[in-house]
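Peer 1: Have a look at the structure that comes next, please.
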Amino acid sequence: MEARCEVRHIRISPTKVGIVADLVRGKPVREALAILRYTPKRASIVVEKAIRSATANAENNHDMNGDLLYVSEIFVGPGPTLKRYRPRARGQAYPILKRTAHLTVILKEREEG
């Protein structure tokens, strides 16, 4: 049994979100939330909210024990890229790519024992 949460169109580069996701992969939910609370990156707020949402889904929709949950999978993919342009010398246009990310968190229950 697994509980999941998907966050789409995060206005942070997938590379930057992936760095934060790597910190909590495989960790128990309580430990993951403690790590994220003291991580000084903007993406840690988004990842923390996603883990809290997945935890709520597990407890309310799947009757899972919140104390036994751990981050089974967490992965980040690219979302649509917003394309903007800056004027440069000699009438040229310089592209600026504002990247977005899709985050997926999957929680599972550890076996008691």
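Peer 1: Taking the range 34-48 on its own, how many of its residues are assigned to a helix (DSSP H, G or I) and over 13 Å from residue 74 (Cβ atoms)? Step through it out loud before you land on a result.
Peer 2: Initially, the range 34-48 is screened for residues assigned to a helix (DSSP H, G or I), giving 34-37, 43-48.
Filter once more, so that each one left must be over 13 Å from residue 74 (Cβ atoms): 34, 37, 45.
Of the residues in that region, 3 qualify.
Peer 1: Out of all the residues in the range 94-113, which are basic (Lys, Arg), at pLDDT 95 or above and touching a Pro at 6+ places or on another chain (Cβ under 8 Å)?
Peer 2: To start, the set of residues in the range 94-113 that are basic (Lys, Arg) comprises 98-99, 108, 110.
Going one step further and asking which of them are at pLDDT 95 or above, we end up with 98-99, 108.
Result: 99, single match.
Peer 1: So if I check each of 59, 31, which one is over 16 Å from the mean Cα position of the chain (by Cα), under 19 Å from residue 109 (Cα atoms) and among the acidic types (Asp, Glu)?
Peer 2: Working: 31 fails: over 16 Å from the mean Cα position of the chain (by Cα).
Within the list 59, 31, the selection yields 59.
Peer 1: What do you reckon, is residue 74 within 11 Å of the chain's Cα centre (by Cα) and either at pLDDT below 95 or surrounded by 14 or more Cβ atoms within 10 Å (Cβ to Cβ) (or both)? Don't jump to the end; show me each part of the working.
Peer 2: Numbers: within 11 Å of the chain's Cα centre (by Cα): yes; either at pLDDT below 95 or surrounded by 14 or more Cβ atoms within 10 Å (Cβ to Cβ) (or both): yes.
So residue 74 passes the test.
Peer 1: Within the range 49-91, track down each residue that is in a loop (DSSP other than H, G, I, E, B), farther than 18 Å from residue 8 by Cβ and touching a residue at least 12 places away in the same chain (Cβ under 8 Å). Give the steps one after another, and end with the answer.
Peer 2: Taking the range 49-91 first, the residues in a loop (DSSP other than H, G, I, E, B) are 62-65, 79-81, 88.
Checking which are farther than 18 Å from residue 8 by Cβ leaves us with 62-65, 88.
Answer for the range 49-91, where residues must be in a loop (DSSP other than H, G, I, E, B), farther than 18 Å from residue 8 by Cβ and touching a residue at least 12 places away in the same chain (Cβ under 8 Å): 62, 64, 65.
Peer 1: List every residue pair whose Cβ atoms sit under 6 Å apart, with the two residues 6 or more apart in sequence or on different chains, where the first one lies in the range 11-30 and is assigned to a loop (DSSP other than H, G, I, E, B) and the second, anywhere, is among the charged types (D, E, K, R) and at pLDDT 95 or above.
Peer 2: 13/99
Peer 1: Consider residue 64 carefully, then state whether it is more than 13 Å from residue 101 (Cα to Cα), at pLDDT below 95 and crowded, with 16+ Cβ neighbours inside 10 Å.
Peer 2: Numbers: more than 13 Å from residue 101 (Cα to Cα): yes; at pLDDT below 95: yes; crowded, with 16+ Cβ neighbours inside 10 Å: yes.
In short, yes.
The values are calculated or read from the model by the stated rules, or taken from the named source; none is laboratory data. Since the model is a prediction, treat every value here as computed from it, not as a measurement. Glycine gets a Cβ as well: all are built from the backbone with ideal geometry, and neighbour counts include every protein chain shown.
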